[in-house]
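The structure under discussion appears below in the form of structure tokens.
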Amino acid sequence: MDRRRELVQALAAGEPVAAVSRRFKVSRTTAYVWQARYQVEGEAGLWNRSRRPRSSPRRTPEAVEARVCELRRQHPYWGGRKLHHRLKAQGIEVVPSPSAITDILNRNGLLHDDRRLKRDWERFEAAQPNHMWQMDFKGDFALAGGRCYPLTVVDDHSRFNLCLKACIDQRGETVKAHLLPVFTAYGLPETILVDNGPPWGSGYSRQPHTRHSAWLMRLGIYVSHGRPFHPQTRGKDERFHRSLKLEVLRDGSWQSVDELQVALDQWQAVYNRERPHEALAYAVPASRYSSSTRELPRRLPDIEYPASDQVRKVQDQGKISFKGRTFKVGRAFVGEPVGLRESKEDAVWDVYYCKQRIGKANLKAPASPEDL
């Protein structure tokens, strides 16, 4: 203020504008501005003024800004892009850009920094719905009456969530009880991708299957086990788990699985039909999913093999006898017939259960019960 006062006083005393500008190290235009303001307003004209424009024709209307804040409060972990596409889907005429929505959230105190570093993974996506489902348990946590194990099934192509159930254990019979209504409602997939733990994995790479995975094969579903210690193999289900934890499990406290199931059912409907999905160009999963044409059979189909196969019944300890040798196929198939089929490799036979190859019998290898 003192410098500006000296400047206008020097101009009022008749000093040349060029000389005053050089002495105070400002442009002549600035000197004229301060002189004009001082002549009109006195010393009050020498104070700094707001740079805010007098009008903002592109400013988001207050009603739309209020709608953005309302939607954010309903879904506190949706970012600017998801909110943008959800508002468009709701028919809002003037929808702010994702960056403008982020600014709205920031100035209304609704922005929290929960962003994560992104990595460039090689993405795989099934070509059609029901070509592959991914299935897993979302960890476990304590409830008042015990532990809870959320069971999740996600369609690889559409990210549609087919099953979201609060389970009290991880037993195969529990999973089967929840899968049967899913198969009835949506049909059978071609493949189900799972990890190597129970109930669908034995934990052993040589005989990875269990009674539960054998049941799925009996239905004509190919069972695929992901690479051990590589959860990114089931990346879509893992990503679903992250959203589930962030948007539901993180802030809730439930007394029972029934109480939790109500919250899971509500969120499942939002996830499938309202929540824009970034990997789907912000469409909702339900828009890309359609039910399978393969219906759940009323009874398990008979096991049949081509006439060229050598059929053997799996005995105790999961072993079979073939050409004077004993091979182990796994306890999952005890009492079941398996088919041995000549491979392209000399003296090596592929072993099938239903339509899935489950191992091989190598007649050239040293005798061992672990040949499969």
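The values are calculated or read from the model by the stated rules, or taken from the named source; none is laboratory data. Just so it is clear, the structure is predicted and the values come from calculations on it, not from any experiment. Note: ideal-geometry Cβ built from the backbone for every residue, glycine included; neighbour counts use all protein chains shown.
A few notes on this one:
- Here region 37-56 is the region considered, the condition is being at pLDDT 70 or above and assigned to a loop (DSSP other than H, G, I, E, B), and the residue that is farthest from residue 95 (Cα to Cα) is 47.
- Of the criteria (1) at pLDDT 90 or above; (2) surrounded by fewer than 18 Cβ atoms within 10 Å (Cβ to Cβ), which one residue 318 fails: (2)
- The residues of region 183-217 that are surrounded by 18 or more Cβ atoms within 10 Å (Cβ to Cβ), part of a loop (DSSP other than H, G, I, E, B) and either without any contact (Cβ under 8 Å) to a residue 60 or more places away in the chain or not hydrophobic (A, V, I, L, M, F, W, C) (or both), listed by number, are 189, 195, 199, 201, 202, 207, 208, 209, 210.
- Region 258-290: number of residues that are farther than 19 Å from residue 71 by Cα and modelled with pLDDT under 90: 3
- Pairs meeting the criteria (first residue in region 19-38 and over 15 Å from residue 2 (Cα atoms), second residue β-branched (Val, Ile, Thr), beta carbons under 8 Å, at least 6 apart or on different chains) are 21/30; 28/17; 32/17.
- Residue 153 satisfies every condition listed in (1) more than 25 Å from residue 258 (Cα to Cα); (2) in a strand (DSSP E or B) except (1).
- Residue within region 294-304 that is farther than 28 Å from residue 206 by Cβ, touching a helix residue (DSSP H, G or I) at 6+ places or on another chain (Cβ under 8 Å) and not aromatic (Phe, Trp, Tyr) present: yes
- Options 356, 315: the member that is over 30 Å from residue 78 (Cβ atoms) and more than 40 Å from the chain's Cα centre (by Cα): 315
- Residue in region 281-289 that is touching a Cys at 6+ places or on another chain (Cβ under 6 Å) and surrounded by 12 or more Cβ atoms within 10 Å (Cβ to Cβ) present: no
- Pairs, first more than 12 Å from residue 69 (Cα to Cα) and exposed (fewer than 13 other Cβ atoms within 10 Å of the Cβ) in region 80-104, second of a type in the set (A, V, I, L, M, F, W, C) and at pLDDT 85 or above, C-beta under 7 Å, six or more apart: 94/64
- Region 320-340, subset of a type in the set (Lys, Arg) and either in the same structural domain as residue 214 (by TED's automatic domain parsing) or over 40 Å from the mean Cα position of the chain (by Cα) (or both), residue farthest from residue 203 (Cα to Cα): 323
- Among the numbered conditions (1) within 30 Å of residue 109 (Cα to Cα); (2) not in a helix (DSSP H, G or I), the only one that residue 15 does not meet is (1).
- Within region 1-18, if we keep just the residues that are loosely packed, with under 11 Cβ neighbours inside 10 Å and over 20 Å from residue 48 (Cα atoms), the residue that is nearest to the chain's Cα centre (by Cα) turns out to be 18.
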